[in-house]
Amino acid sequence: MLDGITRDTLLKSLDKFGFCLIEKEISATDIDFFDSAFLCGTSIKIKPISKINKIGFNIINENVLKVIEI
């Protein structure tokens, strides 16, 4: 994860919503166990990911919607 203003804002805000952040390297097989995923950046803000390879995610997941509101 690259440093940036959007990232910093997101990380500071996650605690307010009761999320516990763990930063670590993951493998492609770890994705099978994810409930959701998103990208963040200055131009796109926070964008939910609907699919990685053949693994689909619910982009209207309650947790993703909370993160998008940040």
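The values are calculated or read from the model by the stated rules, or taken from the named source; none is laboratory data. For clarity, every value in this text was computed on a predicted model and none was experimentally measured. Methodologically, a virtual Cβ is constructed for each residue, glycine included, from the backbone with ideal geometry; neighbour enumeration extends over all protein chains shown. The area values use the complete protein model at the heavy-atom level, side chains included, leaving out ligands, DNA and RNA. Shrake-Rupley method; radii C 1.70, N 1.55, O 1.52, S 1.80 Å.
Output yes when any residue across region 32-49 is over 22 Å from T6 (Cα atoms), in a helix (DSSP H, G or I) and more than 11 Å from the chain's Cα centre (by Cα), and no when none is.
Yes, some residue in region 32-49 is over 22 Å from T6 (Cα atoms), in a helix (DSSP H, G or I) and more than 11 Å from the chain's Cα centre (by Cα).
What number of residues in region 50-67 are open to solvent by less than 70 Å² (accessible area, probe 1.4 Å), touching a helix residue (DSSP H, G or I) at 6+ places or on another chain (Cβ under 9 Å) and in a loop (DSSP other than H, G, I, E, B)?
Final tally of qualifying residues: 1.
For region 2-14, which residues satisfy the criterion of being open to solvent by 80 Å² or more (accessible area, probe 1.4 Å) and modelled with pLDDT of 80 or more? Reasoning before the result, please.
The first filter runs over region 2-14 and keeps only residues open to solvent by 80 Å² or more (accessible area, probe 1.4 Å), leaving 2-3, 5, 12.
Scanning region 2-14 gives I5, K12.
Within region 17-49, can you find the residues that are loosely packed, with under 10 Cβ neighbours inside 10 Å and in contact (Cβ under 8 Å) with a residue 24 or more places away in the chain?
Once the filter is applied, which keeps residues that are loosely packed, with under 10 Cβ neighbours inside 10 Å and in contact (Cβ under 8 Å) with a residue 24 or more places away in the chain, region 17-49 yields A28, T42.
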